[in-house]
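Could you have a look at this structure, given as structure tokens, before my questions?
The values are calculated or read from the model by the stated rules, or taken from the named source; none is laboratory data. Note that the coordinates shown come from a computational prediction; the quantities given were computed from them, not determined experimentally. We place every Cβ from the backbone using ideal geometry, glycine too, and count neighbours over all the protein chains shown. Just the protein is used for accessible areas: all its heavy atoms, side chains included, with ligands, DNA and RNA removed. Shrake-Rupley method; radii C 1.70, N 1.55, O 1.52, S 1.80 Å.
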Amino acid sequence: MAVAREQLTDYIGQLLQIDRFKDYCPNGLQVEGRREITRLATAVTASLAAVEGAVAAGADALLVHHGYFWKNESAPVVGTKKARIGTLLAHDINLLAYHLPLDAHETLGNNAQLAQRLDLVADGRCGDQDLVWLGAPAAPLTLGEFAAHAAEALERQPLVIGDTGRTLRRVAWCTGGAQGYFHELATHDIDCFVTGEASEFVTHLARESGVAFVAAGHHATERYGVRALGAHLAERFALDLVHLDIDNPV
Ligand SMILES: [Zn+2]
């Protein structure tokens, strides 16, 4: 089956409520390709490897979490930017990108999908645009046990700062590069904050506040939202689906 590009972008825009968010990049169609979409490829980031993967798979559209045209990025289409966009245009492939709206979606989003894999039960949200989720482990466990579970579930060893013997009662999480929220979260009544990336300051803040910090990988924590959205769209519009997992240790 095929779906018209506009129908697909309208559908995703409503599903993810993209107008509700103030974001650092455009959400939706970022590079225009062919009008009809039969085969959809997904990837976390629209890197050249992902674009080439979409070409090799014969995809009509590439759906990603990290697209292009970020605030503060250099505007000229030169170098690696030319290679990526040029390859998309040369093969008439649509680039669809959804950033914060894909982090936040109730069931398909990165936070929801991460919670599923880490057995976290959400019961609240906080932070800028409610992007941080709050909740508890489905069954009581220590920080060390939680980290071991995360390593297995995400296929990557997390960075853990805190007393591994302490029991986790309340947990906050936000996928990707959300370590900046730790300043605010360290003042909350939580035992641990889980995100993708770390910065130098988090070590001291974790030690001084007593709130443990876990960096489980930016790519590793954001691998699942775009996959879930892709699977949902493939089912809804009877599309061919290809998941491209481009390894990324960060
Ligand atoms: Zn991200």
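Counting only residues that are of a type in the set (Gly, Ala, Ser), give me the helices (runs of 4 or more DSSP H) lying completely in the stretch 110-196 with at least 2 of them.
Per the criteria, 110-118, 143-154.
Among the candidates VAL64, VAL55, single out the residue that is β-branched (Val, Ile, Thr), open to solvent by less than 50 Å² (accessible area, probe 1.4 Å) and within 16 Å of the ligand (Cβ to nearest atom).
When all the criteria are applied, what remains is VAL64.
Being in contact (Cβ under 8 Å) with a residue 60 or more places away in the chain and over 13 Å from VAL211 (Cα atoms) is the filter here; which residues of the stretch 159-188 pass it?
CYS174, THR175, GLY176
Please indicate, with yes or no, whether at least one residue in the stretch 92-103 is closer than 28 Å to TRP173 by Cα and either more than 16 Å from the ligand (Cβ to nearest atom) or touching a Ser or Thr at 6+ places or on another chain (Cβ under 7 Å) (or both).
Looking for residues that are closer than 28 Å to TRP173 by Cα and either more than 16 Å from the ligand (Cβ to nearest atom) or touching a Ser or Thr at 6+ places or on another chain (Cβ under 7 Å) (or both), one finds at least one in the stretch 92-103, hence yes.
Can you tell me which residue in the stretch 191-229 is farthest from the ligand (Cβ to nearest atom), limited to those that are open to solvent by 10 Å² or more (accessible area, probe 1.4 Å) and among the aromatic types (Phe, Trp, Tyr)?
That would be PHE201.
All but one of (1) more than 23 Å from ARG227 (Cα to Cα); (2) touching a Phe, Trp or Tyr at 6+ places or on another chain (Cβ under 8 Å); (3) open to solvent by 30 Å² or more (accessible area, probe 1.4 Å) hold for ALA122; which doesn't?
(1)
Any chance the stretch 130-144 includes a residue that's among the polar types (S, T, N, Q), more than 22 Å from VAL250 (Cα to Cα), touching a residue at least 12 places away in the same chain (Cβ under 8 Å) and surrounded by fewer than 18 Cβ atoms within 10 Å (Cβ to Cβ)?
Yes; the residues of the stretch 130-144 include at least one that is among the polar types (S, T, N, Q), more than 22 Å from VAL250 (Cα to Cα), touching a residue at least 12 places away in the same chain (Cβ under 8 Å) and surrounded by fewer than 18 Cβ atoms within 10 Å (Cβ to Cβ).
Now a separate question. State whether the residues of the stretch 27-48 include one that is without any contact (Cβ under 8 Å) to a residue 60 or more places away in the chain and within 21 Å of GLY176 (Cα to Cα).
Yes, there is a match, as at least one residue in the stretch 27-48 is without any contact (Cβ under 8 Å) to a residue 60 or more places away in the chain and within 21 Å of GLY176 (Cα to Cα).
Which members of the stretch 35-80 meet the condition of being of a type in the set (Val, Ile, Thr), assigned to a loop (DSSP other than H, G, I, E, B) and either in contact with a Ser or Thr (Cβ under 6 Å, 6 or more places away or on another chain) or farther than 20 Å from ILE12 by Cβ (or both)?
Once the filter is applied, which keeps residues that are of a type in the set (Val, Ile, Thr), assigned to a loop (DSSP other than H, G, I, E, B) and either in contact with a Ser or Thr (Cβ under 6 Å, 6 or more places away or on another chain) or farther than 20 Å from ILE12 by Cβ (or both), the stretch 35-80 yields VAL77, VAL78.
Could you count how many residues in the stretch 170-196 are touching a Ser or Thr at 6+ places or on another chain (Cβ under 9 Å) and of a type outside the set (A, V, I, L, M)?
Looking only at that region, the number is 13.
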